[in-house]
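Quick one: the structure is below, questions incoming.
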Amino acid sequence: LTIQGPRPSGTVLVLVLIDEQGKVMWAQANSGPPQLQGVAIQAAREARFSPTLVDGKAIKIYGYIQYNFISQ
């Protein structure tokens with residue numbers, strides 16, 4: 001996704017669900033400029049994490065990713 005026209009700036013907070021392998025299963029923007037939310041969601045879906053372990057067992061977990069966009 002590319003943004004056409006003037007480049008906006010701002011912070012987008014994305015809620016994600018991460019599976020047992022550390023892959024993002026689901027992502028939703030909860031705040032930020034609407035024109036940046038799609039880019040932030042796409043970035044979140046491509047992110048990878050170390051699995052979250054509870055008592056030695058990998059679990060699914062919700063979390064937030066904050067993306068800061070700076071216009072230059």
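The values are calculated or read from the model by the stated rules, or taken from the named source; none is laboratory data. Bear in mind that the values here come from a model prediction, so they are computed numbers and not experimental data. Don't worry about glycine lacking a Cβ; one is built from the backbone with ideal geometry, like all the others, and counts go over all protein chains shown. Accessible surface is based on the protein model in full, side chains and every heavy atom, while ligands, DNA and RNA are left aside. Shrake-Rupley method; radii C 1.70, N 1.55, O 1.52, S 1.80 Å.
For a quick check, take a GNM of the chain with Cα springs below 10 Å and name the residue from GLY56, GLY38, GLY22 with the largest mean-square fluctuation.
GLY56
In addition: As I understand it, the value is the acute angle between the Cα axis of helix 34-46 and the longest principal axis of the Cα atoms of the chain; what does it come to in degrees, rounded to 10?
30
Here is a further query. How many percent of the accessible area of the chain is carbon or sulfur, using a 1.4 Å probe?
Values: 2560 of 4960 Å².
C and S atoms contribute 52 percent here.
Obtain the nm distance between the two label points defined at ALA47 and TYR62 by a simple spin-label model: each point lies 7 Å from its Cα along the Cα-to-C-beta direction.
Taking the two extended label points, one gets 1.5 nm.
Can you divide the C-alpha Rg of the chain by 2.2 N^0.38 Å and report the result to two decimal places?
Working: Rg = 14.0 Å, N = 72, 2.2 N^0.38 = 11.2 Å.
Scaled against compact globular proteins, the figure is 1.25.
Related question: Report the paramagnetic label zone for ASN30: residues of the stretch 53-72 whose backbone N is under 17 Å from a point 7 Å from Cα along the Cα-to-Cβ axis.
61-68
Give me the accessible area per residue for the chain, probe 1.4 Å, as a whole number in Å².
Details: 4960 Å² over 72 residues.
Accessible area per residue, the chain: 69 Å².
Show that you can apply the helix-only estimate: for the chain, add -39,500 (n - 2.57) for every DSSP H stretch of four or more residues, divide by all residues, and state [θ] at 222 nm to the nearest 500. All intermediate terms of the calculation are to be shown ahead of the outcome.
Values: 1 runs with 13 residues, N = 72.
Calculated at 222 nm, the ellipticity per residue is -5500 deg cm²/dmol.
How many angstrom lie between the C-alpha centres of the stretch 26-41 and the stretch 57-72?
11
Could I ask something else about it? Dipole of the chain, Cα-centred, from +1 at each Lys and Arg C-beta and -1 at each Asp and Glu C-beta, to the nearest 20 debye? Intermediate results must be reported in sequence, preceding the final value.
Details: 6 positive and 4 negative charges, 22 e Å.
Value, rounded to 20: 100 debye.
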